[in-house]
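The values are calculated or read from the model by the stated rules, or taken from the named source; none is laboratory data. Everything quoted here is computed from the prediction, not taken from an experiment. We place every Cβ from the backbone using ideal geometry, glycine too, and count neighbours over all the protein chains shown. We work out accessible area using only protein heavy atoms, side chains counted, and drop any ligands, DNA or RNA first. Shrake-Rupley method; radii C 1.70, N 1.55, O 1.52, S 1.80 Å.
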Amino acid sequence: MYKQLSTRNLNWIWITVAILLVFEIVFFHGGSLISALISGFFVYFSWKRLHSLGWKIVFAIAAISFVLNVFNLLAVRFLIVVAIVFFILNYIKSTKEPSKEKPELPNKASLKDEEPLVQIDNLFDERFFDDFRTEETAFQWKDVNMHGIYGDRVIDLSNTVLPYDTAIISIRHLVGNIEIYVPYEVEVSIHHSSIFGRASIFGEYHGRLMNKSLHYETKNYNTAHQRVKIVTSLFSGDIEVKRV
């Protein structure tokens with residue numbers, strides 16, 4: 001169903017969602033949005049402490065409160081209505097008699113011009129609401145492009161063999177901390193942006209990042225063949241990049 005939405009229609013849906021969120025903040029003083037954020041914070045905080053019975057109770061209460069507040073948002077109700085309408089329209093379309101027109105097939109000449117592609121699996125699975133850490137054992141390197149909502153991200157490059165080229169790590173995250181461990185013999189470029197948080201990059205410490213970007217490069221980065229380019233963005237959280 002999602003694949004059948006055009007990019008233009010999808011963009012209009014997200015614009016409407018953003019307008020509804022702003023409307024709820026301005027005219028209802030945050031309403032269920034603030035309650036949902038507070039409940040979400042307690043869900044994240046208690047998730048790491050589920051070994052205790054007390055924290056399990058806190059997690060259950062916070063999760064129920066989070067779900068109720070989320071479904072009480074105007075934007076979420078709008079998305080539910082859109083999903084129902086689109087499902088009905090899609091069902092009606094699927095029940096119609098299929099067209100008997102002969103599909104147009106590409107000719108042999110155009111097939112020869114197509115460039116063969118090989119699909120490469122991602123190194124890591126996307127995890128929106130959980131912590132992530134690279135394997136303790138050796139693993140084969142592939143460029144990293146990941147995003148998430150809650151949780152910490154720990155990437156240790158000492159357990160892999162980096163290519164004799166530029167290895168790329170791109171992380172876009174909402175709330176959580178990022179830790180990246182880089183071998184001594186590898187040159188590094190770091191471009192980090194954060195709304196709220198702190199940063200420690202090879203001993204350079206920034207105790208307060210408020211809607212700020214940082215860019216560091218090691219001395220021989222531009223001339224090195226084996227190097228790592230790190231691009232990260234956080235809404236709220238700390239980043240630490242250090243040698244191992």
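Assorted remarks:
- First in region 161-173 and closer than 19 Å to residue 135 by Cβ, second anywhere and surrounded by 14 or more Cβ atoms within 10 Å (Cβ to Cβ) and of a type in the set (Ser, Thr, Tyr), Cβ under 7 Å, 6 or more apart: 171/232
Residues are listed down the side, and each one gets a yes or a no for (1) among the hydrophobic types (A, V, I, L, M, F, W, C); (2) modelled with pLDDT under 90; (3) farther than 22 Å from residue 140 by Cα:
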{"residue": "173", "(1), (2), (3)": "no, yes, yes"}
{"residue": "179", "(1), (2), (3)": "no, no, no"}
{"residue": "197", "(1), (2), (3)": "no, yes, yes"}
{"residue": "221", "(1), (2), (3)": "no, no, yes"}
{"residue": "227", "(1), (2), (3)": "no, no, no"}
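- Every pair of residues 6+ apart whose Cβ atoms lie under 9 Å, when the first sits in region 8-37 and is at negative phi and modelled with pLDDT of 80 or more while the second is open to solvent by less than 50 Å² (accessible area, probe 1.4 Å) and among the hydroxyl-bearing types (Ser, Thr, Tyr): 24/32; 35/65; 36/65
- Checked across region 184-192, the condition of being more than 19 Å from residue 164 (Cα to Cα) and of a type outside the set (Lys, Arg) holds for at least one residue.
- Residues of region 209-234 classified as loosely packed, with under 15 Cβ neighbours inside 10 Å and within 19 Å of residue 172 (Cα to Cα), total: 5
- Close pairs from region 68-97: first open to solvent by less than 80 Å² (accessible area, probe 1.4 Å), partner in a helix (DSSP H, G or I) and aromatic (Phe, Trp, Tyr), Cβ under 7 Å, at least 6 apart: 74/23
- Residue count for region 204-222, restricted to those that are within 18 Å of residue 180 (Cα to Cα), more than 22 Å from the chain's Cα centre (by Cα) and in contact (Cβ under 8 Å) with a residue 24 or more places away in the chain: 4.
- Taking the criterion of being over 23 Å from residue 151 (Cβ atoms), open to solvent by less than 50 Å² (accessible area, probe 1.4 Å) and in a helix (DSSP H, G or I), the residues of region 19-43 that qualify are 20, 24, 32.
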